[in-house]
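Following: one structure in structure tokens, then a few remarks.
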Amino acid sequence: MPHTPILSVNNLSVVFPDNNGGLRALDDISFEVHPREFICFLGPSGSGKTTLLRILASLLPPTSGQVNFIRNEHPEIGMVFQQANLMPWRSVMENIKLPLELQGMDAASERVKAQELVDLVGLNGFEESWPRELSGGMAQRVAIARALIHDPDLLLLDEPFGSLDAITRERMWTELSRIWQVRQKTVIMVTHSINESLFLADRVLVLTQRPGKIKLDVEVDLPRPRKDDIRYTPHFGKLARKLREAIE
């Protein structure tokens, strides 16, 4: 991993106002992210994982602390949510190319770039399909393609497979890992799933119960590209136990 980080988070805390002195969501969070690194934040519900992503996406200001994008003061950020949030009146192709339309790109270039992403996420033949015709996994592929089309410096994933059934979810781990291998984007993802975090990430950071603090920062030293059977290896099991103990 390169030595110079692209993102540095220092002493980040978030307190939401309430009638009882404020609800502390995150407390003194500090970490660095390096280029092309895939980081997963793992923790129980209410540990502040989504709040952290919203801060990184500049959708929410921190109460204290700093987020510094070291190489680019105004980075391009892509974000994928738990629900695909596709526009039902737009086809797959039209949903994917929406960010380019908002940037004012010419129609021919939009189409070429969108087709590249269709190919990347494995949706060939579904370009003119409507969101209602897609499975949950296919809809999330569209959402990932839409988030990647403007070539973001940082991709944020907020439990993107949380609403999928177990089998589809595990298939999507493989797909996301493949997409990341091709595009080599810097990714920060939040999840409840120990197996998901280990299958996908270079590092897993475990958050405590609210207020969320970083309890553990684990390097996932599993070889890439990762295939499904890696989950049944002794080392995967050892890492999983380490994460489970930190959460419990």
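Specify which of the listed residues (Thr191, Thr208, Thr174, Thr233) is of a type in the set (Ser, Thr, Tyr), in the same structural domain as Ser64 (by TED's automatic domain parsing) and within 30 Å of Glu110 (Cβ to Cβ). Steps first, answer last, please.
Numbers: Thr191 fails: within 30 Å of Glu110 (Cβ to Cβ); Thr208 fails: within 30 Å of Glu110 (Cβ to Cβ); Thr233 fails: within 30 Å of Glu110 (Cβ to Cβ).
On inspection, the qualifying residue turns out to be Thr174.
Among Val206, Val190, Val142, which is the only one that is among the hydrophobic types (A, V, I, L, M, F, W, C), modelled with pLDDT of 90 or more and more than 22 Å from Leu56 (Cα to Cα)? Talk me through it step by step, then tell me what you get.
Working: Val206 fails: more than 22 Å from Leu56 (Cα to Cα); Val190 fails: more than 22 Å from Leu56 (Cα to Cα).
Testing whether each residue is among the hydrophobic types (A, V, I, L, M, F, W, C), modelled with pLDDT of 90 or more and more than 22 Å from Leu56 (Cα to Cα) leaves just Val142.
Among (1) assigned to a helix (DSSP H, G or I); (2) outside the structural domain of Val142 (by TED's automatic domain parsing); (3) touching a Lys or Arg at 6+ places or on another chain (Cβ under 8 Å), where does Leu52 come up short?
With (1) assigned to a helix (DSSP H, G or I); (2) outside the structural domain of Val142 (by TED's automatic domain parsing); (3) touching a Lys or Arg at 6+ places or on another chain (Cβ under 8 Å) applied to Leu52, the lone miss is (3).
Which residue out of Asp158, Asp165 is closer than 27 Å to Thr63 by Cβ and among the acidic types (Asp, Glu)? Write out each step before concluding.
Working: Asp165 fails: closer than 27 Å to Thr63 by Cβ.
Step by step, each of Asp158, Asp165 is checked, and only Asp158 is closer than 27 Å to Thr63 by Cβ and among the acidic types (Asp, Glu).
Show the residue pairs meeting these rules: Cβ distance below 9 Å; 6+ apart or different chains; first residue within segment 219-248 and more than 16 Å from Arg178 (Cα to Cα); second residue of a type in the set (Phe, Trp, Tyr).
Sorted first by the residue in segment 219-248, then by its partner, the pairs are Val220/Phe38; Val220/Phe199; Arg231/Phe199; Phe236/Phe199.
Taking segment 39-54 only, how many residues are crowded, with 20+ Cβ neighbours inside 10 Å and of a type in the set (Val, Ile, Thr)? Please lay out each step first, then the result.
Step one: of segment 39-54, the residues crowded, with 20+ Cβ neighbours inside 10 Å are 39-43, 47-49, 51-53.
With of a type in the set (Val, Ile, Thr) added as a condition, the list becomes 39, 51.
So the answer is 2.
Please specify each residue of segment 56-72 satisfying the condition of being among the hydrophobic types (A, V, I, L, M, F, W, C) and either free of Cβ contacts under 8 Å to residues at least 40 places away in the same chain or surrounded by 20 or more Cβ atoms within 10 Å (Cβ to Cβ) (or both). Explain how you work it out, then say what you get.
Taking segment 56-72 and keeping what is among the hydrophobic types (A, V, I, L, M, F, W, C), we get 56-57, 59-60, 67, 69-70.
Residues satisfying the conditions are Leu56, Leu59.
Only one of Arg24, Arg36 is modelled with pLDDT under 90 and either surrounded by 14 or more Cβ atoms within 10 Å (Cβ to Cβ) or within 17 Å of Val190 (Cα to Cα) (or both); which?
Numbers: Arg36 fails: modelled with pLDDT under 90.
Selected residue: Arg24, the only one of Arg24, Arg36 that is modelled with pLDDT under 90 and either surrounded by 14 or more Cβ atoms within 10 Å (Cβ to Cβ) or within 17 Å of Val190 (Cα to Cα) (or both).
Scan segment 180-225 residue by residue and report those that are over 18 Å from the mean Cα position of the chain (by Cα), surrounded by 17 or more Cβ atoms within 10 Å (Cβ to Cβ) and charged (D, E, K, R).
Arg210, Lys213
The values are calculated or read from the model by the stated rules, or taken from the named source; none is laboratory data. Bear in mind the structure is a predicted one, so any value in this text is a computation, not a measurement. Methodologically, a virtual Cβ is constructed for each residue, glycine included, from the backbone with ideal geometry; neighbour enumeration extends over all protein chains shown.
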